[in-house]
Amino acid sequence: MSETYKLFIDGKWTESLSGKTFESLNPATGEVNGTVAEGGAGDVDLAIKAARKAFESGPWAQMAPSDRGRLLNKAAQELWRKADYLAEVESIDNGLPINETKYIAIPAMIDVLEFYAGLANKVQGDTLASPAGRFNYTLKEPLGVVGAIVPWNFPLMLTMWKLAPALAAGNTIVIKPAEQTPISILEMVNILQEAGIPDGVINVVPGYGKDAGDALSSHPGIDKIAFTGSTSTGKLIMQAASKNLKPVSLELGGKAPNIIFDDANIENAVNGSMFGIYFAQGQVCASGSRVFVQDSIYDDFMESFIRKAKKIKVGNPLEQTTQMGPQVSLEQLERIEHYVAAGLKEGANLVIGGERCQTENNGYFFIPTVFEDVTNEMTIAQEEIFGPVLSVIRFKDEQDVLQKANDTLYGLTSGVWTENLKRAHRMAKGLKAGTVYVNTFSMLDSAAPFGGTKQSGFGRELGIQAMDMYTETKNVWVDLNDEHFNWYGF
């Protein structure tokens, strides 16, 4: 049943200033999940003012780091208690199979909050070596008001990647969800409010990128923008943020190479590669969408991969047996079809899939797809499809595949399958990517930094390193001498 959702500003649920709303659709059925208040520039301004007030005064500003950590940990425990509910909301909101939300996305999201709750009282400066009679040290201080713009593929998890370190460091935040998937984020914020997060610390303004997103990125009251999404949108956000020279962190697109050497365990490589491309319907920036297979094992790998890929069950994301749900929207479904057509036009061989999956409902389902006879110059090997479409490319040797793997605008993740320890380390060093997986793919850990190179963005989310993106360093000099420095001798 469709529900109505409002903006969340200064601890209150409120209508948008314009009174406009938009519908959030269930991608499995095309039916309306909920009607959501559509925020605009005026609403963003109100949210930023509320966040600024909470940052500079009130309980949040006065809270000791240890108390802040305990509050965030309390919030994490409330999320654990509602984890099954959030998993179902997320699956309905964006189409992820319930097993992927219940056992992967939601637990990973809460683990991130617990990780940063533990870091809240460990933000430390340094005492520096100084000349005699002087005291020189640094402070690590929160930036202020953070603007977070989050995508639709993992709404809760990727929101938490920004919210948790930002709050642990003492900042406040304004979140702009993707217009396709605002509901799960609003439900999560409701739980955080009930856990006792003070008013104004977290604010959520659903809306469209051209209105709410641009207003947030360009607003002078924002001290930092954190964005996850497409490379093209990331460039627009950088342009908007440059108006006020605010720092930006970007986790953008990818076209990850997943390399299978002839000494790899083929069945392990097949299983890992399937997860690398079909997890979350392929709607993952880190997905291994280019699989490079060495000539001598190519036929064996393809036989196993195709046989298993044909067995993947596509269907209702709320059913326990479903292994792949719908794409997030009709627009995304049509985008995938466009790339399949481009692959065929450029001479790639469509082995399986390449078309919509017929279901009882009017959902946005697409069959797991594999192309072979792909060259690295083809559109499907160079551009991010963001769907369950795999391009398989042959290679001869280590030098050949390293050149092909790095021949892309992106550099987010990469994978290597080999039993040769020296080769694994050579490839890990040679691959131009923020993460290299060896004999696995698409693994995440709250303690492991995640981010990209080249047009996959910059900055690192997760890990201790992420705290650097939400703090700034202040240097303090103290003169301890009785007679002060007098350069001019007056």
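Give the residues of region 228-270 that are more than 18 Å from the chain's Cα centre (by Cα) and part of a strand (DSSP E or B), sorted by residue number.
Selection gives 257, 258, 259, 260.
Hey, among 181, 138, 101, which residue is part of a helix (DSSP H, G or I) and in contact with a Ser or Thr (Cβ under 8 Å, 6 or more places away or on another chain)?
Just a single option satisfies the conditions, and that option is 101.
When the residues of region 23-36 are narrowed to those that are within 24 Å of the chain's Cα centre (by Cα) and among the hydrophobic types (A, V, I, L, M, F, W, C), which ends up farthest from residue 202 (Cα to Cα)?
Applying the filter and picking the extreme gives 28.
Condition test on residue 120, is it over 17 Å from the mean Cα position of the chain (by Cα) and buried (at least 22 other Cβ atoms within 10 Å of the Cβ)?
Criteria met by residue 120.
Of the numbered conditions (1) within 21 Å of the chain's Cα centre (by Cα); (2) among the aromatic types (Phe, Trp, Tyr); (3) open to solvent by less than 10 Å² (accessible area, probe 1.4 Å), residue 437 satisfies every one except a single condition; which is it?
If we test residue 437 against (1) within 21 Å of the chain's Cα centre (by Cα); (2) among the aromatic types (Phe, Trp, Tyr); (3) open to solvent by less than 10 Å² (accessible area, probe 1.4 Å), just (3) comes out false.
In this structure, is residue 296 assigned to a helix (DSSP H, G or I) and open to solvent by less than 10 Å² (accessible area, probe 1.4 Å)?
no
For region 276-292, state whether one or more residues are touching a residue at least 40 places away in the same chain (Cβ under 8 Å) and open to solvent by 60 Å² or more (accessible area, probe 1.4 Å).
No, because not a single residue in region 276-292 is touching a residue at least 40 places away in the same chain (Cβ under 8 Å) and open to solvent by 60 Å² or more (accessible area, probe 1.4 Å).
Quick check on this structure: which one of 44, 36 is among the hydrophobic types (A, V, I, L, M, F, W, C) and part of a strand (DSSP E or B)?
So the residue among 44, 36 that is among the hydrophobic types (A, V, I, L, M, F, W, C) and part of a strand (DSSP E or B) is 36.
Which of the residues spanning region 219-234 are open to solvent by 40 Å² or more (accessible area, probe 1.4 Å) and in contact (Cβ under 8 Å) with a residue 24 or more places away in the chain?
Listed by number, the residues that qualify are 220, 223, 230, 233.
Among the listed residues 312, 306, which satisfies the condition of being in a loop (DSSP other than H, G, I, E, B), open to solvent by 20 Å² or more (accessible area, probe 1.4 Å) and of a type outside the set (S, T, N, Q)?
312
Name the single residue that is nearest to residue 357 (Cα to Cα) among those in region 15-31 being outside any loop (DSSP other than H, G, I, E, B) and open to solvent by less than 50 Å² (accessible area, probe 1.4 Å).
The selected residue is 24.
Can you tell me which residue among 92, 104, 98 is more than 30 Å from residue 244 (Cα to Cα), of a type in the set (Val, Ile, Thr) and in contact with an Asp or Glu (Cβ under 9 Å, 6 or more places away or on another chain)?
Exactly one of 92, 104, 98 is more than 30 Å from residue 244 (Cα to Cα), of a type in the set (Val, Ile, Thr) and in contact with an Asp or Glu (Cβ under 9 Å, 6 or more places away or on another chain), namely 98.
The values are calculated or read from the model by the stated rules, or taken from the named source; none is laboratory data. Because the structure is a prediction, the values reported are computed rather than measured. With ideal geometry, Cβ positions are generated from the backbone for all residues, glycine too; neighbour counts draw on all protein chains shown. Heavy atoms of the whole protein, side chains included, go into the accessibility calculation; ligands, DNA and RNA do not. Shrake-Rupley method; radii C 1.70, N 1.55, O 1.52, S 1.80 Å.
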